[in-house]
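The values are calculated or read from the model by the stated rules, or taken from the named source; none is laboratory data. Nothing here was measured: the structure is a model prediction, and the numbers come from that model. Because the Cβ atoms are built from the backbone with ideal geometry, glycine has one as well, and the counts that use them run over all protein chains shown. Heads up: the accessible areas ignore ligands, DNA and RNA and are worked out on the full protein's heavy atoms, side chains in. Shrake-Rupley method; radii C 1.70, N 1.55, O 1.52, S 1.80 Å.
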Amino acid sequence: MAKTYSIAIDGPAGAGKSTMAKRLAKELGYQYVDTGAIYRTVAYFLDLWGVSPKDIDGITRYIDELTIGIEYDADGLQHMIMNGMDVTDDIRTQDISQKASLVSAHKVVRDVLLDMQRQVAREHNVIMDGRDIGTVVLPNADVKIFLSASAEIRAKRRFDELMAKGQTTTFEQVLKDVKQRDYQDTHREIAPLKQAHDAVLVDSSNLDIDGVVAAIKAVAAGKIPV
Ligand code: DC
């Protein structure tokens, strides 16, 4: 099988991973894989069945009933298919963000999704973003980036996004949620969010999207064919 290239982007919520990764994927002709959306789909599914994201017995019982599909539309946008239903928009709420963070701490969930993510990277050149891509999912990725920014700036970005979608919340609430998710994602036992030893840290606090893309291209130069 021909060698596929992979770019792993990890970092906390709101660091700008998906905006940047989508753009870079388009420029390079790579497949963009938003792994957070996969965890969100699991959280959404369990929520529909009334299973608490902390209920490990319930999760273990229900997880086999879930089939997750990842599809791409003509613009290269990733769609999440839950048992045949497109849930791409439904998974983008504050409530599902929190539940995805809790659900993702369980080994049974991470094990199921690990194979799925590795399979995509075996078949395609990918830019994959998440929390454990450089450390666990693709430890041999050709390029590894840890993208971060201050909690306040990340919360402001999330708040603006939610407002644009017409969701009602306050900046203070979004900041509280961002900090809580940071804590949960970095303190879980399995595959916690952390910078891989060989990842390059990019701080997006004072960079716009062009600046972030340029910084990442500079890191990738010489490591992937362009
Ligand atoms: O990237 P996101 O905000 O859509 O991710 C939602 C949650 O999913 C996040 O708080 C933690 C979890 N997640 C994970 O544990 N590992 C990943 N690779 C991606 C997301």
Heavy-atom accessible area per residue of the chain, all protein chains kept, 1.4 Å probe, expressed in Å², is 49 Å²
Any of Lys3/Lys99; Lys26/Lys194; Lys17/Lys223 with alpha carbons more than 25 Å apart? Name them for me. Lys3/Lys99; Lys26/Lys194
³J(HN,Hα), Karplus 6.51/-1.76/1.60, whole Hz, each residue of the range 130-145, x for Gly, Pro: x, 10, 10, 5, x, 8, 10, 5, 10, x, 9, 3, 5, 9, 10, 10
Which of Val120, Val137, Val33 moves most in a GNM of the chain, Cα contacts under 10 Å? Val120
Considering only protein heavy atoms and a 1.4 Å probe, what is the carbon-and-sulfur percentage of the accessible area of the range 16-106? 50 percent
HN-Hα couplings for the range 206-212 via Karplus (6.51, -1.76, 1.60; θ = phi - 60°), in whole Hz with x for Gly/Pro, come out as 10, 10, 8, 4, 4, x, 5
Once amide H atoms are built 1.01 Å from N in the peptide plane, which residues 5 or more positions from Ile127, or in another chain, come under 5 Å H to H? Ile7, Gln31, Tyr32, Val33
When the accessible area of the range 111-226 is computed with all protein chains present and a 1.4 Å probe, what percentage of it is carbon and sulfur? 55 percent
DSSP bridge pairs, the range 31-144: antiparallel proportion in percent, nearest 5: 65 percent
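Which percent, nearest 5, of DSSP beta bridges in the chain are antiparallel? Please list the in-between numbers first.
Values: 7 of 25 bridges.
Roughly 30 percent of the DSSP beta bridges within the chain come out antiparallel.
Does the range 43-194 classify as rounded, prolate or oblate by the C-alpha gyration tensor (a ≥ b ≥ c root eigenvalues; a/c under 1.5 gives rounded; else a/b over b/c gives prolate, otherwise oblate)? Walk me through the numbers on the way to the answer.
Working: a/c = 1.27, a/b = 1.13, b/c = 1.13.
It is rounded, given that a/c, with a ≥ b ≥ c, falls under 1.5.
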Treating the beta-carbon of each Lys and Arg as +1 and of each Asp and Glu as -1, no other charges, what is the dipole magnitude of the chain about its Cα centre, to the nearest 20 debye? 520 debye
With Gln184 itself left out, Lys, Arg at +1 and Asp, Glu at -1 over residues whose Cβ is under 13 Å from its Cβ give +3
